[in-house]
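Before we start, here is the structure in question, set down as structure tokens.
Bear in mind that the values in this text are calculations on the coordinates, not laboratory data. Just so you know, these numbers come straight off a predicted model, no measurement behind them. All Cβ positions, glycine included, derive from the backbone under ideal geometry; neighbour counts span all protein chains shown.
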Amino acid sequence: MRQWISARCLRLLLSLTAASMLLAACGFHLREPVALPFSSIYIGLPVTSPLGAELKRQIRATSPAQISDAQQSAQVVLEVLSEKRDKQILSLNSQGRVREYKLIYDFSFRVRTPDGKELMDTVNIQLSRTLTFNEAQVRAKEAEEALLFRDMQNDLVQQVLRRLSVLKPEA
């Protein structure tokens, strides 16, 4: 009995070791913080914008870059051209009631210097998610919609940061 347990533990230990070696060999690693190539940035979003707050939070958490309150004191300016959330009907059931919605988050921006020199052409990012709808669960579906928009916002912030990380600002 004792040999069976130790053989079983040995097999388990060997399989865990093999799995960890395979995982390390495939090149898997956690996403690292984005290194921004500038010392300060002005973000052209209102103070009350949830997207602006999340973007500023991510920059403060992952980069030594400072967030400037004035355009003229920043090295780069993130100019927001549009930010729009939309909800479109995707499909209807046999009674003509909504079965699915398509949630769309559309965001356009460009990056320039305070004196107007463009560092990045206009970038348009459009994210979408599908939301199934059930009239019997209206409150739950409203909460799910808010959660999906928040998820798209987090995804959008990561995409903006990755795009900012490849900038080549002036010296």
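Between Leu156, Leu12, Leu81, which gets the highest mean-square fluctuation from a Gaussian network model of the chain, Cα cutoff 10 Å?
Leu12
Using just the C-alpha positions of the chain as equal point scatterers, what log10 of I(q)/I(0) does the Debye formula give at each q in 0.08, 0.13 1/Å?
Listed by q, the Debye log ratios stand at -0.44, -0.78.
Excluding Leu45 itself, calculate the net charge of residues whose Cβ lies under 13 Å from the Cβ of Leu45, where each Lys or Arg counts +1 and each Asp or Glu counts -1.
-2
For the chain, with only Lys/Arg (+1) and Asp/Glu (-1) charged at the beta-carbon, what is the dipole magnitude about the Cα centre, in debye rounded to 20?
800 debye
Of the lysine pairs in the chain, how many meet both conditions: Cα atoms under 23 Å apart, and a spacing of 8 or more in sequence or different chains?
Going through the chain pair by pair, I get 9.
For the chain, set up a GNM with springs between Cα atoms under 10 Å and report which of Arg129, Arg150, Arg139 has the largest fluctuation.
Arg139
Continuing with the same structure: Would you mind telling me which residue in Glu142, Glu118, Glu83 has the biggest mean-square fluctuation in a Gaussian network model of the chain, where springs connect alpha carbons within a distance under 10 angstrom?
Glu142
Just want to confirm a number: the relative contact order over the chain, from Cα pairs under 8 angstrom separated by 6+ residues, in percent.
Numbers: 238 pairs, mean separation 34.3, N = 171.
Result for the chain is 20 percent.
A follow-up question, please. Helix by helix, which DSSP H runs in the chain go 15 Å or more along their axis at the Cα atoms and have an average Kyte-Doolittle hydropathy of 0.0 or more?
2-25
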